[in-house]
1. Calculated from DSSP H runs of 4 or more alone, at -39500 (n - 2.57) each and per residue, what is the 222 nm mean residue ellipticity of the chain, nearest 500?
2. I'd like to compare 69-76, 30-37, 46-53: which one has the highest average count of other Cβ atoms within 10 Å, and what's the full order after that?
3. Measure nothing fancy, just the Cα-based angle from helix 41-61's long axis to the longest principal axis of the chain, in degrees from 0 to 90, nearest 10.
4. Which whole-number percent is the relative contact order of the chain (Cα, under 8 Å, 6+ apart)?
5. Does anyone have the angle between helix 90-106 and the longest principal axis of the chain? Alpha-carbon axes, 0 to 90°, nearest 10?
6. Pull out the extension gain between Val27 and Leu46, defined as 0.36 nm times the separation in residues minus the alpha carbon to alpha carbon distance; nm, one decimal.
7. Once a ≥ b ≥ c are taken as the square roots of the eigenvalues of the Cα gyration tensor of the chain, is the result rounded (a/c under 1.5), prolate (a/b larger than b/c) or oblate (a/b not larger than b/c)?
Amino acid sequence: MILLANFINAVAGILHFILMLYIWVLVFRAILSWIRVPSLYQVQVLLYRFTEPVLGPVRKYFPPYKFGGIDISPIIVFVLLIFIDTFIVKSMSLYAQQILQQQTLSL
């Protein structure tokens with residue numbers, strides 16, 4: 001059971017890292033969409049290709065024209081990722097800790 005607990009804890013840590021990295025990518029994309037820097041065009045294209053598969057479907061349900069031309073899809077995805085990190089990933093980590101505690105108490 002210790003191996004299972006450590007595996008779950010490791011998966012939770014990796015998921016947390018990936019979610020936080022994606023959140024930062026969303027933040028950088030939003031910042032670069034507000035300013036135009038010609039030397040960062042390739043970075044903007046890369047960020048667009050990396051985030052559009054997630055933002056596109058959200059934008060379909062929350063189109064910018066319904067919100068005065070403001071694209072709120074990054075905010076919705078940001079909140080959703082924070083929820084996933086707080087609820088699912090933290091639950092996985094706490095579950096792994098609980099398994100480890102039960103193992104140490106039974107020894």
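Coordinate-derived values only; no laboratory data. This one's a predicted model, so the numbers in the text were calculated from it and none came from an experiment. FYI the Cβ positions are ideal-geometry reconstructions off the backbone, even for glycines, and counts take in every protein chain you see.
1. -27000 deg cm²/dmol
2. 69-76, 46-53, 30-37
3. Taking the Cα atoms of the chain, the angle to 41-61 is about 80 degrees.
4. 51 percent
5. For 90-106 against the chain, the angle is about 10 degrees.
6. Contour length minus Cα-Cα distance gives 5.5 nm.
7. In terms of gyration-tensor shape, prolate.
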